[in-house]
Amino acid sequence: MQVPAHFEYERATSVDHAITLLARWGSEARVVAGGHSLIPMMKLRLARPEALIDINELAELVYIRLADGVLRVGAMTRHAELLANPVVGEHYPIFHDAERVIADPIVRNRGTVGGSLCQADPSEDLSAAFAAVDALAVVRGPGGERTVPIREFHIGPYETVVEPGELLTEIRVPVRPGGSSAYEKVERRVGDWAVAAAGAAVWLDGDTIADAGVGLTAVGADHFCSPAAEAVLRGAPATEETFAAAGRAAAESCRPSADQRGPVDYKRHLAGELTVRALRRAVARARGQEA
Amino acid sequence: MTTRITVTVNGEEHTAEVEPRTLLVHFLRDQLGLTGTHWGCDTSNCGVCTVTLDGTPVKSCTVLAVMAHNHSVGTVEGLERDGKLDPVQQGFVECHGLQCGFCTPGMMLTARWLLDNNPDPSETEIREAISGQSCRCTGYENIVRSVQWAARQEVTR
């Protein structure tokens with residue numbers, strides 16, 4: 001029987017209360033949201049916090065809003081809610097692509113957007129999706145609120161810039177016209193972690209790629225993105241040749257590790273090919289040729 | 001140290017002392033004696049421990065009992081109403097939707113949730129809904145048929 005070791009339990013009733021509790025418990029406390037990463041790790045004693053601060057009651061962190069050209073997603077938004085949201089699908093289909101292949105419907109009912117980002121698993125899909133669209137993380141602590149570009153949010157496997165005493169509260173994504181996005185993943189079986197995955201966001205000016213973001217999952221890319229591929233794309237024509245060149249750049253720029261999901265060469269190949277497919281689909285969507 | 005929680009299970013309020021580390025599945029089975037909820041892989045993969053939390057299916061091996069405080073939990077024991085099987089349960093009877101029965105409670109709760117939200121699902125939608133739950137006997141064919149049987153009953157009712 002797998003059961004976590006003993007811990008003290010605190011149920012936060014507001015964000016301010018959560019911050020107070022985090023200050024009281026210090027670095028020995030962990031925030032628990034959906035718990036679908038942390039509780040399994042606690043069962044295996046890979047995580048052994050003295051206290052859990054439960055933020056499941058914080059309805060104030062459950063929202064998806066589009067206002068003034070910014071899409072705001074509350075950190076306690078469940079995966080299922082992000083997947084079901086039509087505004088997200090309209091402006092950033094990359095998130096619906098990614099959510100469809102994250103775990104399974106029952107897990108998505110419980111797991112949260114903020115929890116996934118804070119878990120910082122190198123194979124986590126939303127990290128690359130948010131990196132592709134250049135999101136901003138909002139982190140609150142005892143001293144107030146600060147914003148962190150998502151490409152500076154993750155500092156290594158299972159590590160983020162969120163300090164003990166701080167809480168991720170929101171993710172902001174700027175919405176710009178003329179663009180679209182897509183996410184492509186290869187998994188061994190439905191619901192598994194990615195062998196590799198790639199996300200692309202493009203903004204077109206006629207037939208030219210005005211701006212682009214490329215996110216990579218599970219292939220050791222720094223901050224889940226590929227600036228090298230983005231440099232190839234910016235200002236280039238939106239053609240198969242350009243996609244292929246960006247795919248090569250993405251493959252060269254990542255550092256996959258061999259594991260039970262595949263050898264380095266295979267993962268590198270996937271990083272390139274999935275970048276091409278995500279770009280192809282994102283451009284087709286931006287042109288209104290594909291849903 | 002224990003914490004006092006109050007949880008509404010199948011419409012009935014229960015107050016109990018639990019350790020914070022007690023998982024919802026063990027609270028239901030060991031403290032309330034509701035052993036219809038099965039306990040399988042312990043890693044939120046197999047889905048046999050699926051129950052509803054405020055009406056939404058969750059895997060109870062990965063939810064703490066304390067998280068259910070002041071919330072409603074639904075288990076397979078709550079599907080039958082006034083001595084009458086839920087159409088989903090009847091569907092599993094009619095279409096041989098189970099063999100060993102280990103995955104069945106979770107499958108039926110997910111099916112009930114699916115039909116509540118989508119009364120006339122396609123085969124693909126049924127398969128997607130139960131994709132987080134493993135069945136090692138049926139190959140899923142008869143589970144899908146069972147859910148389709150229940151959907152037909154309810155649509156024509």
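The values are calculated or read from the model by the stated rules, or taken from the named source; none is laboratory data. Everything numeric here is computed off the predicted structure, so don't read it as measured data. Ideal geometry is used to build each Cβ from the backbone, glycine not excepted, and the neighbour counts take in all protein chains shown. Accessible surface is based on the protein model in full, side chains and every heavy atom, while ligands, DNA and RNA are left aside. Shrake-Rupley method; radii C 1.70, N 1.55, O 1.52, S 1.80 Å.
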Inspect the stretch A:220-242 for any residue being at positive phi and surrounded by 20 or more Cβ atoms within 10 Å (Cβ to Cβ) and give the result as yes or no. yes
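Among residues belonging to the stretch A:43-75 that are aliphatic (A, V, I, L, M) and without any contact (Cβ under 8 Å) to a residue 40 or more places away in the chain, point out the one that is surrounded by the fewest Cβ atoms within 10 Å (Cβ to Cβ). Spell out how you get there, then give the answer.
From the stretch A:43-75, those aliphatic (A, V, I, L, M) are A:44, A:46-47, A:51-53, A:55, A:58-59, A:61-62, A:64, A:66-67, A:70-71, A:73, A:75; that's our starting set.
Pick out the ones that are also without any contact (Cβ under 8 Å) to a residue 40 or more places away in the chain and you get A:46-47, A:59, A:62, A:64, A:67.
Numbers: A:46: 10, A:47: 18, A:59: 10, A:62: 16, A:64: 18, A:67: 8.
That would be A:67.
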The one condition in (1) buried (at least 23 other Cβ atoms within 10 Å of the Cβ); (2) assigned by TED's automatic domain parsing to the domain that holds residue A:95 that residue A:164 fails to fulfil: (1)
Any idea how many residues of the stretch A:191-210 are surrounded by fewer than 24 Cβ atoms within 10 Å (Cβ to Cβ) and either touching a helix residue (DSSP H, G or I) at 6+ places or on another chain (Cβ under 8 Å) or on the phi > 0 side of the Ramachandran plot (or both)? 5
Just give me the residues in the stretch A:243-291 being closer than 17 Å to residue A:179 by Cα and open to solvent by 40 Å² or more (accessible area, probe 1.4 Å), in sequence order. A:277, A:280, A:281, A:287, A:288, A:289, A:290, A:291
Could you please give the count of residues in the stretch B:14-65 that are within 15 Å of residue B:134 (Cβ to Cβ), among the hydrophobic types (A, V, I, L, M, F, W, C) and part of a loop (DSSP other than H, G, I, E, B)? 5
If I ask for residues that are more than 9 Å from chain B (Cβ to nearest Cβ) and closer than 25 Å to residue B:44 by Cα, which ones from the stretch A:11-43 would you list? A:12, A:29, A:30, A:31, A:33, A:37, A:38, A:41
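Where residues in the stretch B:41-55 are more than 7 Å from chain A (Cβ to nearest Cβ) and in contact with a helix residue (DSSP H, G or I) (Cβ under 8 Å, 6 or more places away or on another chain), which of them is modelled with the lowest pLDDT?
Only one residue fits best here, namely B:41.
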Only one of (1) under 24 Å from residue B:115 (Cα atoms); (2) open to solvent by less than 20 Å² (accessible area, probe 1.4 Å); (3) within 13 Å of another protein chain (Cβ to nearest Cβ) fails for residue B:67. Which number is that? (1)
Being open to solvent by less than 10 Å² (accessible area, probe 1.4 Å), within 14 Å of chain A (Cβ to nearest Cβ) and β-branched (Val, Ile, Thr) is true for just one of B:58, B:88, B:9. Which residue is that? B:58
Contacts under 7 angstrom Cβ, first residue in the stretch A:241-269 being among the basic types (Lys, Arg), partner outside any loop (DSSP other than H, G, I, E, B) and surrounded by fewer than 16 Cβ atoms within 10 Å (Cβ to Cβ), 6 or more apart: none
